[in-house]
1. Total accessible area buried between chains A and C, 1.4 Å probe, in Å² to the nearest 100?
2. Anything losing 50 Å² or more of accessible area from the isolated chain to the full protein assembly: pick those residues out of segment D:99-131, probe 1.4 Å, ligands and DNA/RNA ignored.
3. When only DSSP loop residues count, what chymotrypsin sites (Phe, Trp or Tyr not before Pro) in segment A:151-182 have their Cβ near at most 16 other Cβ atoms within 10 Å?
4. Provide a whole-number value for the mean count of partner chain Cβ atoms within 10 Å of the Cβ atoms in peptide A:106-115.
5. To test your reading of the geometry: what angle, between 0 and 90 degrees and rounded to tens, separates the Cα axis of helix C:2-37 from the longest principal axis of chain C?
6. For A:K5, which lysines qualify as cross-link partners when the Cα separation must be under 20 Å and same-chain residues fewer than eight apart are set aside?
7. Between D:D67 and A:A2, with labels modelled 7 Å along Cα→Cβ, what's the label distance in nm to one decimal, could you check?
8. Can you list which of the GluC sites (Glu not before Pro) found in segment B:156-198 are DSSP loop residues with at most 10 other C-beta atoms within 10 Å?
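The values are calculated or read from the model by the stated rules, or taken from the named source; none is laboratory data. These numbers were taken from a predicted model, which means no experiment stands behind them. Quick reminder, even Gly has a Cβ in these numbers, built from the backbone with ideal geometry, and neighbours come from all protein chains shown. Each accessible area value is taken on the protein alone, full model and side chains, heavy atoms only, with ligands, DNA and RNA left out. Shrake-Rupley method; radii C 1.70, N 1.55, O 1.52, S 1.80 Å.
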Amino acid sequence: MAMWKEFSKGLWAELPPFRLLLGLCPTLAVTTTAENGFGMGMAVVFVITLSSFIVSLIRKIIPKKVRIACYITVAASLVVSVELLMQAYAYPLYQQLGIFVPLIVVNCLILGRAEAFAGKNPVHLAVADGLGMGIGFTLSLTFLGAVRELFGTGYVFGVEILSGSFEPVEFMIAAPGAFVALGLILAGMNYLSIVKAKRRGEPAPENPSTGCHACRACAGHK
Amino acid sequence: MVLTSVLSLLALGFFCAVVLSAASRVFYVEEDPRVEAICDALPGANCGGCGYAGCEAYAIAVITDPDVSAGLCCAGGAEVTVAVSELSGKAAGGDDPEISFRRCVKDEGKVEKKFGYQGVLSCTAAGLLEDGPDACKYSCLGYGDCVKACPFDAMYIENDLVVIDPEKCVACGACINVCPNQVLEMIPRRARVQVFCSTKDKMKAVMDVCEAGCINCMKCVKKCPAKVISHVDGQIRIDQAACLAYGPDCEEICVDVCPRDILRLMCPVGITAKAQEAAAAKKAAEAAQAAEAENPQPTA
Amino acid sequence: MREILKMIVVLTCISGISGFALSSLKQMTAPTIELQLLTFVQGPSLKQVLPDYTNDPVQERKKFTNPLTDKPVNVFPLKVDGELKAVAIEGFGGGYGDNIGVMVGFDLEDNKLVGIGITTMKETPGLGTRIAEPDFRAQFNGISESEAKLKSQGGVIDALSGATISSGGTVAAVQDAGKIYSALKADILEAFK
Amino acid sequence: MEYFLILISAIFVNNIVLAQYLGQCPYLGCSKEKGVSLGMGGAVIFVMVIATPLTWLIQEYVLLPLDLGYLQTIMFILVIASLVQLVEMFLKKSVPPLYNALGIFLPLITTNCAVLGVAILVQRKEFDLGLSIFYSFASGLGFLLALVLLAAIRERLEVTHLPKSMQGVPAALVMAGIMSLSFMAFKGMIS
């Protein structure tokens, strides 16, 4: 039960890129197609689950002062493994994702989960948490990729959806489209929560997206 | 191949560790040991919810700045607040919890609008225009600058007035300075009496615009036996600590003498004396009933 | 001191273990990676160079050392029904985004270009990317290396309107491959004869 | 001339945030106030300019000679993480005024992908040492510019009428999109 709870929170309540606004760089950069988003997501699932597992396993022998360095070493080793495996078995995807594969290591999602959860919890919970977050991340990336691909090219996963008189909006797959698409999706999610709250007769919730947690620090600093 | 990579990574890891540990000696800065103790007590998530760059920054601030409350860590909750206030030697949150209080009841006073304001929805902006759209220039403007400033979602706007949720307010003080009209004040939660208006206007000017405005008649200042009520900066101010220290012997004479019901009994915040009396009566009745139920009259 | 020692030992151990694991993984995947690289980067462009080759140039490739840069360079033989038609060499030229990689096929008989194929580019979609379209590439078929310049430079190639830089990058990449070809020609003849 | 081109290209044409999507988290997280964004931008430039040459030297004199190119990621990030911690300690002890201005942002920089991103990018672009340092400085400037501009816009957005669901981050993202669009206009500048 506890495991399910940790697993499921990553899927909606704390959906990483949309709710927590963690790991935005790959979210924006590689979602030109649904397939790229999915591939990136799977790489992250691999890294985050294993890093949660390892960090949780060795959490008791890590001295406090070098814990960040240790977490990074673990995450970086996993990322290099992903790089190698991707090159060997999914080369076209590796080409598409480019520099963002090595950059998985600085995805705040991975360090964030290691620091906030895996470093303090037993192995089975840490794995459930990592897996949930990773899958949530994958779903979000795939969704954003699908939206951008659909409007940008008329295809989703390489299958033609909009055809005929549809004129592809190339803006959507260029850099600015990523920002705008993500912004509108976040607005849509906020709108849904407001409507839901209204239906239940509660006061509308304050804007749930408050900014990257790691960086909220500077936002409120005096 | 395997050997070179193992060796080079080993060397790098070793080098980093050595440099870091050496540096932590060489660049060791004498720190208050309490800072580390507080850091340990804090959750260590570096979430920034307290308004500082991380748990350590907040720990330093709590130790060095007497104005920083010990109850800012919203991630840790009550337990952490107690621990931090013990370690930092601060009473905040422990002995005498405070709460933010709005010194304005413009709805009761039927304050009129001078003009309809259509600008940006911010008290600061509205206040800059002709001293704000309200006829009284010391009123709560109700555009919610304080709501935005509140890190704990403890404030909301209702009928153009800010309302403070006593359950959520931790007296962090973030709202006090953002109010352009200085309507908000931090008072002890167990304050007995408070002034419900913050005007600095003279008698006639107040009477013209608000039915529930303080006319600064000084009756309370003169009558208070403890001399804790004063007229500072054109408005009535109660020294709450001194008032609480004096105790209930004065029988709240200030409330009785106030001709416009500006000074009111608080106890506890948000509930007026009458409601409190009613609650007490109800409680007594319930107790009596319970006693009756336990010891049924033998005659019955 | 004890704590510092522990810090050093733990961090060193973790690094060492990860180094070991990674190098083993690298060794396991190395052959697959090289094959993938050639299949997905150079493979498709070979089809553009000479659409009707029948052999497997990736498998039959030979490695040479580029005398100009001392770096290894792959030469792919393109055969039709067992007969060597051309060899393909990749060259690079600075484009609008990153370097443009161009696979250039050379006819061993008369040293003329058989065709070109784009291997890598990061050009502006819709503008620079048109260098990969058959119309532009076809201009290179059957001309000599010295002619493979933009018209403004005294060659025969029409630059794409709105994508002069990308066109120039392609030409530069062709010239690059040409230099490698000239330098290696004797060795290549030797190796594939 | 080459240096000038790199400067313009890194700041405007290939802006690290708006065209290459690096450093998004601080870009959205630290752009609520101008003062904060200046501090964060400054800290990023500072760390980038130190980290890039260091990783460049490692690549040139350790990874390439030993044929360990695939360990690039792990080596670089270890060096950057240690460096950031070292710089923090050094500043705290030796240059307290600078620490007070930039120090609070330093812990956040380890996970700023712009720093690692630039270190890897200069390798992929095969710059020499001088060019790498200059490129990292220019990229940092580009980051600072994007951050300060967005912060200025967001300060104004704070006080405008917006649908409730657009307030905050969604509006900031759309603004970032429009900024990115306008930065695309610089694309024609450099040939």
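1. Working: alone 12060 and 10980 Å², together 21230 Å².
So the buried area, both faces added, is about 1800 Å².
2. Residues passing the criterion (a loss of at least 50 Å², heavy atoms only) are D:I104, D:L108, D:T111, D:C113, D:R124.
3. Numbers: sites: A:F151, A:Y155, A:F157, A:F166, A:F171, A:F179; in loops: A:F157, A:F166.
Those satisfying the criteria are A:F157, A:F166.
4. On the way: counts 17, 3, 9, 2, 1, 3, 3, 0, 0, 4.
The per-residue average across the peptide is 4.
5. 30 degrees
6. Result set, ordered by chain and number: A:K120.
7. Label at D:D67, label at A:A2, 5.0 nm between them.
8. Details: sites: B:E158, B:E167, B:E185; in loops: B:E167.
Taking segment B:156-198 and a limit of 10 other Cβ atoms within 10 Å, the loop GluC sites (Glu not before Pro) found are B:E167.
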